[in-house]
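Worksheet: the structure to be examined is printed underneath.
Quick note: the coordinates plus some simple rules give every number you see, no bench work behind them. Values in this document were obtained by computation on a predicted structure and should not be read as measured data. Positions of Cβ are generated from backbone atoms using ideal geometry, with glycine treated the same way; all protein chains shown enter the neighbour counts.
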DNA sequence: TTAGGGTTAG
């Protein structure tokens, strides 16, 4: 008794004894007299103030015996306090769905009525671990007690549960069930569509929301903009931007970032840049949106400039930044900078798995360092379909077909299912190595074994495979039997085959078809002109060049680039931009002369 | 005491 009096006097002591009692409740000391402990326990709960002091709460949350806790709470004189304590505890479970549901059940068993606070907490915990079955049990209670119809928090957390579990139609059903809805209900439903891949429906729901005279807030704006980014619809994006301005939606850093992302994904880099420049507050995501957005638009140099600027003002890059930078390095051939990023990753002890690892493999492969790419690939603890595809495509591009196919054959053993892009790599490998029989088998396996439907790109690879091997008739037959309309890639591949094998008449026919699907490009003219030249049909070649000129179609000049000491030098036919171009041309002449001499000797 | 937010790879 003395101990009890003491502990009710001092908060700190209360805290201590409280903790001790709950340590027992948590299953710690079995030798103590359980009866006495229960008395102490009950006393503490009766005198405990609400909310519970954090150490006590922490102990209860970690207790295995939530049933015992409810049993004790049941005997409190003040039942409202008991419910409050339960709510406090369920909140502190911090998204642990299983324990939240256990406590919820124990509450019911011990005669408590979970209220409009308990239910959203438990549903939130279920959402966090996608525990749909448990969530549905809680829903049943919420329906029975009328909470779903009367409390918008309950309704919204339920929409969210179905959303994160991928049940779009149920989320919509809960939303529709009553007219009880606020801006969070609408936003959660819109987000449900976006997260589950229905961007168009998300936008339509936003329009419905506007018709219902519900005003969007900054969170709605962010989600609707992300839907628009996925659609790449600039006209819509501008409309949404106008909506934000007209309705004075508070524009915080999230809205700014979403706008930058939207404009870039919709192909308007200038507007994205303008928004970015005018943002009063930026964070690392703002920079990431701009850097990766520019890289995805093919503006790799601008992306790299922004990365340098970001560094110069001391913003620390994160995983997202590094992936965007590696992507730009890969496409610009910036091996040295790519290596620097790799060293940075090592220095910061960032794990090179998943996105970062895959981006490194791709960067090394695209920059010509295939052995380094392979080393990173081998060193990855956790490889996925992206990792395999990156290395297979890399090896295929480097002419290492056998290695590429060997890695492909390793995938089933590792439990990784190839996807459509993996097969592009596999078929490219076959095509470059002239492996016709293997290529045909892989193409067949795509649908028969892996249940993947070949797309135009795969037919393009097969046309290329047959074409390179001189099997022009087989290539034509495949095109005739394609389930979709042949596009420019298909005709381009066949025309390429005509060039290799000198098929002038067929080439003329294919060129017409290529021009039908791609009239403004130079590819068809250039290839056909080469076919004529190879067949010594100079007049036809000249005629074609004139026709091209008449239609104002210019040949896209081929471009090579070399990185030296971190600087990229680009070379185009006839280009004189390099400060030492005179020396370069002189050396080129010397090389050509050596080659000619070598050829003469060989003959 | 309670619900909804942006950026990454082949």
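Relative to the longest principal axis of the Cα atoms of chain A, the long axis of helix A:97-109 makes an angle of roughly 30 degrees.
Compute the label zone of residue A:556 within the stretch A:492-528: residues whose backbone N is under 17 Å from the point 7 Å along Cα-to-Cβ. What the label zone holds, given the 17 Å backbone N cut-off, is A:492-496, A:514-528. Among A:313, A:291, sorting on how many other beta-carbon atoms sit within 10 Å of each Cβ, with the fewest leading, yields A:313, A:291. Working from Cα pairs under 8 Å separated by at least six residues, relative contact order for the stretch A:457-569 is 19 percent.
Computed from Cα atoms, the angle from the helix A:300-312 axis to the main principal axis of chain A rounds to 50 degrees. Please work out whether chain A counts as rounded, prolate or oblate from its C-alpha gyration tensor, where a ≥ b ≥ c are the square roots of the eigenvalues and a/c under 1.5 means rounded, while otherwise a/b larger than b/c means prolate and anything else oblate? Verdict is prolate for chain A.
The relative contact order of chain A, computed from alpha carbon pairs under 8 Å that lie at least 6 residues apart in sequence, is 5 percent. For the stretch A:457-569, the square roots a ≥ b ≥ c of the C-alpha gyration tensor eigenvalues yield an a/c of 1.5 or more together with a/b not exceeding b/c, which makes the shape oblate. For the stretch A:347-380 versus the stretch A:128-145, the inter-centroid distance based on Cα atoms is 43 Å.
As a proxy for reagent exposure, ranking A:501, A:458 by other Cβ atoms within 10 Å from fewest up yields A:501, A:458. In this rough spin-label picture, where each label sits 7 Å from Cα along the Cβ direction, the residue A:414-residue A:80 distance is 6.1 nm. Helix A:401-410 and the long axis of chain A differ in direction by around 20°, with both axes built from C-alpha atoms. Could you give the distance between the Cα centres of the stretch A:466-542 and the stretch A:415-445, to the whole Å? Measuring centre to centre over Cα atoms gives 23 Å. The fewest-to-most ranking of A:153, A:569 by surrounding Cβ atoms within 10 Å reads A:569, A:153. Subtracting the Cα-Cα distance of residue A:570 and residue A:485 from their residue separation scaled by 0.36 nm leaves 26.9 nm.
Taking label positions 7 Å along the Cα-Cβ direction at both residue A:309 and residue A:520, the computed distance is 2.9 nm, reported to one decimal. Take each peptide in A:577-586, A:484-493, A:183-192, count the other Cβ atoms within 10 Å of every residue, and average; sorted highest first, the result is A:183-192, A:484-493, A:577-586.
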